[in-house]
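Quick notes on the structure that follows.
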């Protein structure tokens, strides 16, 4: 948490902390999906899919980055007054981002924050587990890792009610919470 201004309280984390927390999350995120897969099927079938994933990695990465940010933007645009006019895409250094310029209810901000994890991480991982498909599982695990920053942001929002107004921070990993006027 940081400074307050104009009835807003800033909740941000440094890039270093986000990267550290994300790195720590890689092991449990992997275990959540890989352990059930191995218990149901085996490691060898996962390894075959992982090798296929690595052959396609560059294309998956480029496509995945675009889709990840679009999922944030499409979801948030649905809940804004100005639609896509309130959504900004860009690259900060080497990090792609999607920024919503309008305040949203926390429940809508959370949904937009969670969409890449759900669509690109959880669903492909579950499909991979169900169908014994190591490629889908590898895809899902990788994009669950890519959503670790989003998971951290969702965790930071846990104590706010669903209708609290939240504004995406334009420059940092985090957001502003709109304080109610006394």
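Descriptive notes on the structure:
- Scanning the range 84-126 for residues that are part of a helix (DSSP H, G or I) and farther than 17 Å from residue 70 by Cβ gives 106, 107, 110, 122, 125, 126.
- Residue check, residue 135 in a helix (DSSP H, G or I), surrounded by 19 or more Cβ atoms within 10 Å (Cβ to Cβ), at pLDDT 95 or above and within 9 Å of the chain's Cα centre (by Cα): no
- Residue within the range 164-180 that is touching a strand residue (DSSP E or B) at 6+ places or on another chain (Cβ under 9 Å), in contact (Cβ under 8 Å) with a residue 24 or more places away in the chain, assigned to a helix (DSSP H, G or I) and farther than 17 Å from residue 64 by Cβ present: no
- Sole residue being farther than 19 Å from residue 118 by Cβ and touching a helix residue (DSSP H, G or I) at 6+ places or on another chain (Cβ under 7 Å), chosen from 57, 79, 33, 89: 89
- When residue 81 is tested against the conditions (1) in a helix (DSSP H, G or I); (2) out of contact with any strand residue (DSSP E or B) (no Cβ under 8 Å at 6 or more places or on another chain), the lone failure is (1).
- Members of the range 91-117 found to be exposed (fewer than 14 other Cβ atoms within 10 Å of the Cβ) and either at pLDDT 95 or above or at positive phi (or both), listed by number: 93
- Among the residues listed as 74, 129, the single one being in a helix (DSSP H, G or I) and over 22 Å from residue 168 (Cα atoms): 129
The values are calculated or read from the model by the stated rules, or taken from the named source; none is laboratory data. Given the structure is predicted, the values throughout are model-derived calculations rather than measurements. Please note: Cβ atoms are built from the backbone with ideal geometry, for glycine as well, and neighbour counts cover all protein chains shown.
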